[in-house]
1. Going through region 139-173 one residue at a time, which ones are in contact with a Lys or Arg (Cβ under 9 Å, 6 or more places away or on another chain), assigned to a helix (DSSP H, G or I) and of a type outside the set (A, V, I, L, M, F, W, C)?
2. For the structure I just gave you, tell me whether LYS244 is more than 29 Å from ILE136 (Cβ to Cβ), basic (Lys, Arg), modelled with pLDDT of 95 or more and in contact with a Pro (Cβ under 9 Å, 6 or more places away or on another chain).
3. Would you check which residues across region 436-468 are closer than 13 Å to SER184 by Cβ and assigned to a loop (DSSP other than H, G, I, E, B) and list them?
4. Please work out which one of (1) hydrophobic (A, V, I, L, M, F, W, C); (2) modelled with pLDDT under 50; (3) surrounded by fewer than 23 Cβ atoms within 10 Å (Cβ to Cβ) is the condition ILE128 fails and give its number.
5. Anything in region 101-138 that is among the charged types (D, E, K, R) and in a helix (DSSP H, G or I)? List them, or say none.
6. What residue, of SER425, SER462, is within 23 Å of THR408 (Cα to Cα), polar (S, T, N, Q), touching a helix residue (DSSP H, G or I) at 6+ places or on another chain (Cβ under 8 Å) and crowded, with 20+ Cβ neighbours inside 10 Å?
7. Kindly provide the set of residues from region 312-328 that are under 21 Å from GLN132 (Cα atoms) and not aromatic (Phe, Trp, Tyr), ordered by number.
8. Can you tell me which residue within region 292-323, out of those that are under 30 Å from ALA243 (Cβ atoms) and β-branched (Val, Ile, Thr), is surrounded by the fewest Cβ atoms within 10 Å (Cβ to Cβ)?
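The values are calculated or read from the model by the stated rules, or taken from the named source; none is laboratory data. All of these numbers come straight from a predicted model, not from anything done at the bench. No Cβ is skipped: glycine too gets one built from the backbone with ideal geometry, and neighbour counts run over all protein chains shown.
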Amino acid sequence: MSISNLSRTKGQRMSKRSVRSLMVLVLGSSLAVTACSAPGDAASATSSSSPSSASSAAAGTSGASIVSSAPGTSSAGGAPSSGATAGGGPTCGTAPVTMSAYFETGFPLTKALTDEFTKQYPNVKWNIRQDQFAVITQNAPRVLSDDPPDLMRLPQVSQLVKDGLLKNLDSYATAYGWDKWPASQLSQLRVAADGSRGSGSLFSMGLNFSLTGVFYNKKLAAQIGMTSAPTTLAELDTVLQKAKAAGLTPIDQFNGGATGGLAFPLQNLMAVYGSTTPINDWIFQKSGASIDTPSNLQAVQHLQQWITSGYFASDINSQDYSAMMSRFTGGKALFMFNGDWESGNLDKQMAGNVGFFVMPPLKAGGKQAAMSAPLTMGISAKAAHPDCAAFFLNWVATNKTAREIDVTIGGSHPMGPDNAYMPPSKAGTVTAQTLAAGSKIGADNGAMDFIANATGSIYAKSWTPELQKLVGGQVQPDALLKSVQSDYQSQLQG
């Protein structure tokens, strides 16, 4: 959500997308990565993308092709094709290619990137299917086995790697030079032989790095005397209390259907009360890791206090992602826990009226943390065009126009070499704020993957129902954590 693989939906795009991590906590939650993606809506759609004037305008000037030598042919084999170029790995070739993709609903980034790619490489067309985050999570094993796309958005990869459903990308990493990038960019995308994440071979790649935090309506904040972001959790609690007393909805958050959006504020609270290390260990399936810890219990208890105090909209258990976005952009709530994938949209929908901050610490000046993860993509082990899929992923990270799209439309920091072109962001925009926040999280070593990405089904089958029961007063914090941990252990064994 993240998030090593996190997921996410936006403003006027509401009618066609909904519930995202993280990810993309999730937060954190890559295109086959984790992240904290924000979930998309329930509708599934199929489309064939073509260049659009809108995405071209947002992207700026067209970038140069990644390789200048003759393109190689696509190959379904394990290693890049023998037609790979000397200058930078295999390409999509020159013959007509129709790429199949399975992406998350609600992200304009993927369409903008595939449109621009086709503009630069007219022989490549796209057949794109879209679903909400939770549906993709549940469908992943079946889709990769029975109807494998060339490229797929995935929230959690460990079990898929164990089942042999994802292509090992080590050979592409060598061919394109990904192994020369900062190691931290790829660590969340690696899976070891025992199934744990964080080391081992590369099995997915990110479109960008997403970051989650708190967006706020500046006009509503001014009404209650909030002139700057809270610097401690206690200050945030005070602001929430003032908003409630003034008749405002303090926080609007999606938590309906199969996507429990309360996981966003919960994980932020977990990082306030404890270290990110045990959280990441649990998400990465390290031996002996547990989510049922004293500091996490404090976090759930604090979230419960927010619920019982009426700080959330009363109907959050029936509210999906698109409804949350519609209300926030419509000025109906002060705060919203979400990810930077919405930055570009909010800069358009609420220009000059949106602020962003990462969760404040317990004590002023303390280190801060956030769900921050690649928007993960993976290549099916049975992909018809794996070389072209890998070429696309490399293009996203290294092409000037693609990197501009990552920032202007995705609102996130592009992946790629540490000396790669970094598109500028306009001062005063929420995009500039989220990018700056990412630098702060990096300095504090506070990046977390998304708790929704610990296993393939932990989000839909554990976190979501338990958080919905917490809202309904049907479970207490200690029982919630014990239930999730029990499900986690069963899922790892199953």
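1. Result: SER145, SER158.
2. So LYS244 fits the description; yes.
3. ASN445, GLY446, ASP449 - these are the residues of region 436-468 that are closer than 13 Å to SER184 by Cβ and assigned to a loop (DSSP other than H, G, I, E, B).
4. Unmet for ILE128, out of (1) hydrophobic (A, V, I, L, M, F, W, C); (2) modelled with pLDDT under 50; (3) surrounded by fewer than 23 Cβ atoms within 10 Å (Cβ to Cβ): (2).
5. LYS111, ASP115, GLU116, LYS119
6. SER425
7. Across region 312-328, the qualifying residues are ASP315, ILE316, ASN317, SER318, GLN319, ASP320, SER322, ALA323, MET324, MET325, SER326, ARG327.
8. Looking at residues that are under 30 Å from ALA243 (Cβ atoms) and β-branched (Val, Ile, Thr), I get THR308.
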